[in-house]
Amino acid sequence: MSSTTQATPIPLSRKPAGRSASGAKTACIRTFGCQMNVHDSDRMRRMIQDAGYAEVQRYEDADLVILNTCYVRENAVDRVKGHLGELNRLRREGRVKKVALTGCIGAAEESAALQRTYDIDLVLGTHNTYELAEFVGLPTMRETYTPELPGTEGEHNAFVTIMTGCNYQCSYCIVPSVRGRMICRPMESVTREVKNLVAGGTGYVTLLGQTVDAWRHEGRRFCDLLEAVSEIAPRVWFTTSHPSNMEERTLRAIGERDTIVKRLHLPVQSGSDRMLKVMHRGYKAERYRRKIEVFREATPDGTLSTDIIVGHPGETEEDHEQTLRLVEDCAFDSAYIFKFSPRRGTEAATLPGTVPDAVVQRRFLEVLRQVEQNAFLRNQRKVGEVEEIYIRHGSTEDGKAIGETWSGHAVHVNTGAAPGNYVKARIESAGPHVLYARIMN
Ligand code: SAM
Ligand code: SF4
């Protein structure tokens with residue numbers, strides 16, 4: 001879908017470093033949180049560009065600052081409060097004119113108090129992001145800036161939203177309150193966007209949603225969509241998935257289809273059936289293990305990552321032991337481990353059985369150690385192999401670019417190749433988080 005533009009969009013490659021030399025209005029977008037927020041920021045970036053703003057990187061160079069925020073854990077909110085305090089100071093000094101708070105905090109009740117405390121000019125949730133367009137002076141409404149609008153980072157690597165919201169009610173999670181119920185985007189709309197992106201030079205497409213594998217539309221299921229996209233795009237990945245929705249067919253497609261990155265992110269949250277029930281996750285640990293067996297069998301070389309919460313109310317030592325056992329059995333290549341953070345409005349925030357901070361910290365470190373040990377051993381097995389590496393970020397001062405193998409491993413490699421290109425390199429060493437490769441001569 002195209003937008004009704006008021007001004008020629010400014011390509012990001014020509015992003016000014018400081019206050020716009022031409023005297024144009026300037027805006028700075030700061031993104032907190034997950035890929036969904038990165039993608040939402042991308043859409044807002046399109047709006048400010050269409051309104052004739054030049055994008056700047058520093059608050060003090062910006063007329064308008066947009067904080068696009070995350071509400072999933074309390075520390076995310078604390079970080080945003082720190083930025084709001086700083087922006088208040090800059091505004092008093094006349095160096096910033098307007099501040100907008102968008103995203104998941106914007107959709108939460110707490111945003112009203114934040115608006116008063118920090119004198120925020122505009123607060124938008126995740127469902128009315130399009131109203132930013134009006135705020136920056138575009139005569140545009142809802143239908144112009146929908147999830148179907150491609151972002152501006154579409155050069156070599158693009159996110160494509162296939163669904164919004166979530167129909168689960170996990171005990172601890174604020175996402176359903178701030179992002180609403182699941183809405184799946186029609187298949188043709190997704191494939192049309194992917195075709196346009198690929199025609200424009202995008203080589204890597206990531207399908208996005210809170211539970212992408214729950215995607216359904218007019219009798220078609222997620223695997224149908226994934227297969228269709230894998231026939232259009234040269235490189236495809238998807239995130240995030242829910243174990244209850246993950247079908248064997250999808251797990252096999254990851255192994256069979258050349259264009260799908262062999263990397264599965266499947267959040268488990270806990271290895272204890274008792275905790276999984278309290279969390280309302282809808283599966284048992286054994287069912288999760290079986291899915292992982294299928295994935296490992298279909299994709300022996302692939303990478304597996306997960307999310308784990310430690311210290312959910314009521315978590316006992318026995319529950320924790322079961323999580324450690326599951327981590328060992330599944331031999332994750334990486335994991336995001338979170339300390340439970342009570343979110344007002346969720347069931348878990350009212351549950352008894354708070355786990356003391358010191359215990360949470362110990363459990364966190366124990367899970368982390370277990371994940372890192374497994375990951376280190378698995379990564380060591382890659383040493384000596386020659387891999388085709390997709391360059392995600394070009395080289396920095398140390399001459400190392402950051403890339404990704406087809407198996408989904410992150411690699412540091414000594415190349416000046418630009419993002420979006422492929423290089424061949426030999427894996428020379430490995431740590432728990434990353435592989436180190438040298439270009440073949
Ligand atoms: N939709 C995904 C799923 O079902 O697993 C994850 C979405 S959530 C934004 C990302 C991760 O944050 C979750 O998998 C969970 O581990 C973590 N998380 C969510 N709420 C949390 C809370 N209140 N405290 C700690 N971690 C939390
Ligand atoms: Fe949150 Fe659960 Fe939905 Fe994931 S599936 S977004 S953890 S409610």
Handout entry: Cα centroid separation, segment 383-400 to segment 220-287 (Å)
Key = 27 Å
Completion exercise
Computed from every Cα-Cα pair in segment 211-288, P(r) in 5 Å bins starting at 0 and rounded to whole percents is 3, 15, 24, 22, 16, 10, 7, 3, 0
Completion exercise
Normalised per residue, the volume inside the convex hull of the alpha-carbon atoms of the chain in Å³ amounts to 152 Å³
Handout entry: segment 265-421: antiparallel DSSP beta bridges as a percent of all, rounded to 5
Key = 50 percent
Exercise for the section: First measure r as the distance between the Cβ atoms of residue 259 and residue 433, then evaluate 1/(1 + (r/R0)^6) with R0 = 25 Å and state the FRET efficiency to the nearest 0.05. Expected result: 0.45
Practice task
Would you mind telling me the antiparallel percentage of the DSSP bridges in the chain, rounded to 5?
Solution key: 35 percent
Practice task
For a footprinting-style exposure proxy, rank 316, 323 by other Cβ within 10 Å, fewest first.
Solution key: 316, 323
Problem - Contour minus Cα-Cα distance for residue 196 and residue 24 (0.36 nm per residue) - result: 58.9 nm
Practice task
In nm, give the distance between the simple-model label positions of residue 440 and residue 424, each being 7 Å from the Cα along the Cα-to-Cβ direction.
Solution key: 0.3 nm
Problem - Sparse-neighbour loop sites [GluC sites (Glu not before Pro); segment 57-139; at most 11 other C-beta within 10 Å; DSSP] - result: 93, 109
Fill in the blank from the handout: Two pseudo-spin positions, 7 Å from Cα along C-beta at residue 331 and at residue 58, lie apart in nanometres by 5.0 nm
Fill in the blank from the handout: Residue span residue 280 to residue 75: 0.36 nm per residue of separation minus Cα-Cα distance leaves a gain in nm of 71.4 nm
Practice task
In nm, give the distance between the simple-model label positions of residue 317 and residue 393, each being 7 Å from the Cα along the Cα-to-Cβ direction.
Solution key: 4.1 nm
Fill in the blank from the handout: For the chain, any Cys whose C-beta has no other cysteine C-beta under 4.7 angstrom counts as unpaired, and these are 28, 34, 70, 104, 166, 184, 223, 330
Practice task
Among 215, 406, rank each residue by its count of other Cβ atoms within 10 Å, from fewest to most, as a rough exposure measure.
Solution key: 406, 215
Practice task
Return the loop-located trypsin sites (Lys or Arg not before Pro) in segment 374-441 (DSSP other than H, G, I, E, B) with at most 14 other Cβ atoms within 10 Å of their own Cβ; answer none if there are none.
Solution key: 381
Practice task
Would you list which lysines come within 18 Å of residue 291, measuring only between C-alpha atoms, while excluding same-chain residues fewer than 8 positions from it?
Solution key: 262
Handout entry: Phi-based couplings in Hz for segment 271-283 (Karplus 6.51, -1.76, 1.60; Gly and Pro marked x)
Key = x, 9, 4, 4, 5, 4, 6, 4, 7, 6, 7, x, 8
Fill in the blank from the handout: Once phi for every residue in segment 110-124 is put through the Karplus expression 6.51 cos²θ - 1.76 cosθ + 1.60 (θ = phi - 60°), the whole-Hz ³J(HN,Hα) values, with Gly and Pro written as x, are 4, 5, 5, 5, 5, 4, 5, 4, 9, 6, 7, 6, 9, 10, 10
Fill in the blank from the handout: Given a Förster distance of 22 Å, the FRET efficiency implied by the Cβ-Cβ spacing of residue 181 and residue 218, rounded to the nearest 0.05, works out to 0.75
Fill in the blank from the handout: Computed over the chain, the relative contact order (Cα-Cα under 8 Å, seq sep at least six) in percent reads 10 percent
Handout entry: Mean shadow area of segment 219-262, taken as a quarter of the surface of its Cα convex hull (nm²)
Key = 3.1 nm²
Problem - segment 274-353: relative contact order as a whole-number percent, Cα under 8 Å and 6+ apart - result: 35 percent
Practice task
Starting with the fewest neighbours, write out 283, 422 ranked by other beta-carbon atoms found within 10 Å of each beta-carbon.
Solution key: 422, 283
Fill in the blank from the handout: Sorted by chain and then number, the residues having a modelled amide H within less than 5 Å of the amide H of residue 99, at least 5 places away or on another chain, are 65, 121, 122
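Read-outs: derived from the displayed coordinates by stated rules, not from any lab. A quick note: this is a predicted structure, and the numbers were derived from the prediction, not measured. Cβ: placed from backbone, ideal geometry, glycine included. Neighbour counts: every protein chain shown.
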